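The values are calculated or read from the model by the stated rules, or taken from the named source; none is laboratory data. Just so it is clear, the structure is predicted and the values come from calculations on it, not from any experiment. Here the Cβ positions follow ideal geometry from the backbone for every residue, glycine too, while neighbour counts run over all protein chains shown. SASA here: full protein model, heavy atoms, side chains in, ligands and nucleic acids out. Shrake-Rupley method; radii C 1.70, N 1.55, O 1.52, S 1.80 Å.
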Amino acid sequence: MQIHSEISQVMSYMEEELRVKHNFDIIYRVIKIGKRDAVIYCIDGFTKDEILEKLLEFLFKQIPDSFPENAHEFSKLLLPYAEIGLGKNYEDTILKLLSGQALLFIDGFSQCLEIDCRTYPARSVSEPEKDKTMRGSRDGFVETLVFNTALIRRRIRDPQLTMEVLQTGRRSMTDVCLCYIEDRVDSGLLEKLRSKIQNLEVDALTMNQQSLAECIYPYKWYNPFPKFKFTERPDTAAACILEGNIAVLVDNSPSALIMPSSVFDIIEEADDYYFPPITGTYLRLTRLLISIMTLVMTPIWLLFMQNPDWLPDWLLFIQVKEKINVPLILQLLLLELSIDGLRLAAVNTPSMLTTPLSVMAALVLGEFSVKSGWFNSEPMLYMAFVAVANYTQSSFELGYAIKFMRLITLVLTALFNLPGFIIGIIISILALVCNKTFSGRSYFYPLIPFSWKKVKERFFRLRLKHSEK
C-alpha cells in the first residue's frame, strides 16, 4: 500500500496496523519542519536517543526558503546523516520500524524517510564457553547480527566478501545473513540455499539456527549425525569462508552455521592450526582416535565379558573380579542414563553450588554405588572414560550421535554376541557413509569418494599456505 501524503492519514493507518496507543514502547511525535507537519515514529530501546535528538534539533533550526519537492531532495539537503533510506509503501516501512529504524513522515511527501539510528541490547564480545582454544583470539559471536558480520569483516578485507541478508518467517521476519566470497563459493550451492531460505513456509525461527537447519535440510530421524558445523568462533568461520564454504548467521544466535560440512569438518578444531604442524597433527589424530574409542570401547569390553575364553593372558586383568549382582549390559545402560542426568543437573545448577554438588555426586555414584552392589568398578571405569572422552571434540550433536550408535551396538552385542557387535559396527558405518551434506556430497569425503590430497589435509596438519595466486 502506497504512503499517503497527509499526516492525519499516515497516523490513522499506523494506529490501525500497529495499535500505537496500546503499545507503550512504540513512540511517535508530531513536529513541524518549516511550515509543514511531520510525524516521527520509533521503538523505545531500539533507537540511539542522542543521534535522534541531534537530528531533530538540526531540523528544528532549519527554515528553508524553498521547501524541497520530494523526500529524496529533503534527505540530501536537510538530513546530515549517513544511513537514510526512502520507503514507498507501508508494508516495508512498518517492517523497518519493527527492526529498529526511525520513520519520518512529512506532509506532502509520498515517501517515508527511514533513519537507521538503531541499537540493540547486546552483551560484550567475549570468548565462547564451548569453543575455547589454548592459543588464539578470545572473541566470539554474540546475539547481534551486525556485530557478528563485523567480526568476520575484520578478518577478511576482501571486496569479494559478500554479506547477503535475507528475511524469513511470516511473523518473526528474522534476518538471515549468508557470508561468502563471490569468486570462491559454489554458485549452485549458494543459489540452492538462497532459494530454500526465501521459500520457507514458517511463522518464525523459534530456535534460531536449529529451526533454520531443520527447515532447509530436513533431518532423517534414524540418522543422528549432524549435517552442519556450528561454531561460535569468528576465526573459524572466516577460515571456512576463505575455503569456499558458506557461513550462515541468524539474528539472535551467537554462532555460525557452516555448509557444506563433512564429518571431518565437524571434528576439526581451531587448536589444530594454532600450534606447529606436528603438534596440530598429533591433536587431530588423537581426537579422531578417541572418538572411535568412545564408540567401541564399552561394546568390545562387554563382548569379552560374555566370552571370557577369548581373552589373551595379557588382558585377563579386565575381567570383573567381584560378584555381579546386576547384569553388565544393564549396568552400562544405567550408567549412560546417569551420565546424561548429571549433565542436565550441571546445566541447571547455580554456579556457586556446582563444585559441592559435583563432589557429592561423585561420591554417591562412585564409591557408594559400588559398595552397595548396584555397579561393579570395571563398568564404572570404562563409562567414566567414555563420558570424559566425549568432550575431546566440540560438537555436542556429534557426541550424542556417537552415543546413540554406541547404545545400539551395546544392545545388539548383549542380545546376539559377536554377530550383534558386528551388526552394530556396520550400522554405525552405514549411518556415516550413507549420510549426505547439504550440497549432496558424501558425508565421509574425502574417504568416499577417495582423494589422497584431501585425506592428507584432513588427517595431517600440513604447512599453512602463506600466499596463493
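Summary table
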{"item": "The chain, relative contact order in percent, only Cα pairs under 8 angstrom and at least six apart counted", "result": "13 percent"}
{"item": "Largest-first principal axis extents, alpha carbons of the range 219-273, Å", "result": "33, 28, 19"}
{"item": "Accessible surface, the chain, averaged per residue in Å² (probe 1.4 Å)", "result": "54 Å²"}
{"item": "Folded to 0 to 90 degrees: helix 396-433 orientation relative to the chain principal axis, Cα", "result": "30 degrees"}
{"item": "Unit Cα scatterers, Debye sum, the range 212-342: log10 I(q)/I(0) for q = 0.12, 0.13, 0.16 Å⁻¹", "result": "-0.74, -0.82, -1.00"}
{"item": "GluC sites (Glu not before Pro) restricted to the range 373-469 and DSSP loop, no more than 14 other C-beta within 10 Å", "result": "Glu468"}
{"item": "Whether the range 24-164 is rounded, prolate or oblate, judged on the alpha carbon gyration tensor where a/c under 1.5 counts as rounded", "result": "prolate"}
{"item": "Selected from Leu166, Ile40, Ile422, residue furthest toward positive end of dipole (the chain; charges at beta carbon)", "result": "Ile422"}
{"item": "Size of the chain as Cα extents on the principal axes (Å, biggest first)", "result": "103, 56, 39"}
{"item": "The chain - percent of accessible surface contributed by carbon and sulfur, probe 1.4 Å", "result": "60 percent"}
{"item": "Kirkwood-based shape ratio for the range 365-454, expressed as Rg/Rh from alpha carbons", "result": "1.10"}
{"item": "Lys, Arg +1 and Asp, Glu -1 on Cβ, resulting dipole of the range 253-348 about Cα centre, debye, nearest 20", "result": "220 debye"}
{"item": "For the range 12-62, the Rg and Dmax computed from alpha carbons only, in angstrom", "result": "12.3, 33"}
{"item": "Rounded to the nearest 20 debye, dipole of the range 1-93 from Cβ charges on Lys, Arg, Asp, Glu", "result": "280 debye"}
{"item": "Sparsely packed GluC sites (Glu not before Pro) within the range 48-101, loop by DSSP, other Cβ within 10 Å at most 13", "result": "Glu69, Glu83"}
{"item": "Given charges at Cβ of Lys, Arg, Asp, Glu: the chain dipole, positive-most of Asn223, Thr144, Trp452", "result": "Trp452"}
{"item": "Dipole of the chain, positive direction: furthest Cα of Trp374, Leu77, Thr437, with charges on the beta-carbon", "result": "Trp374"}
{"item": "Largest to smallest accessible area among Phe304, Phe404, Phe58 [probe 1.4 Å]", "result": "Phe404, Phe58, Phe304"}
{"item": "Magnitude of the charge dipole, the chain, Cβ model with Lys/Arg +1 and Asp/Glu -1, debye to 20", "result": "1460 debye"}
{"item": "MRE, 222 nm, helices only [DSSP H, n ≥ 4, -39500 (n - 2.57), over the chain, to nearest 500]", "result": "-14000 deg cm²/dmol"}
{"item": "Rounded if a/c under 1.5, otherwise prolate or oblate - the range 110-222, Cα gyration tensor axes", "result": "rounded"}
{"item": "Cα centroid of the range 1-80 to Cα centroid of the range 99-152, whole Å", "result": "24 Å"}
{"item": "Rg over Rh, two decimals, the range 48-114 (C-alpha only, Kirkwood Rh)", "result": "0.95"}
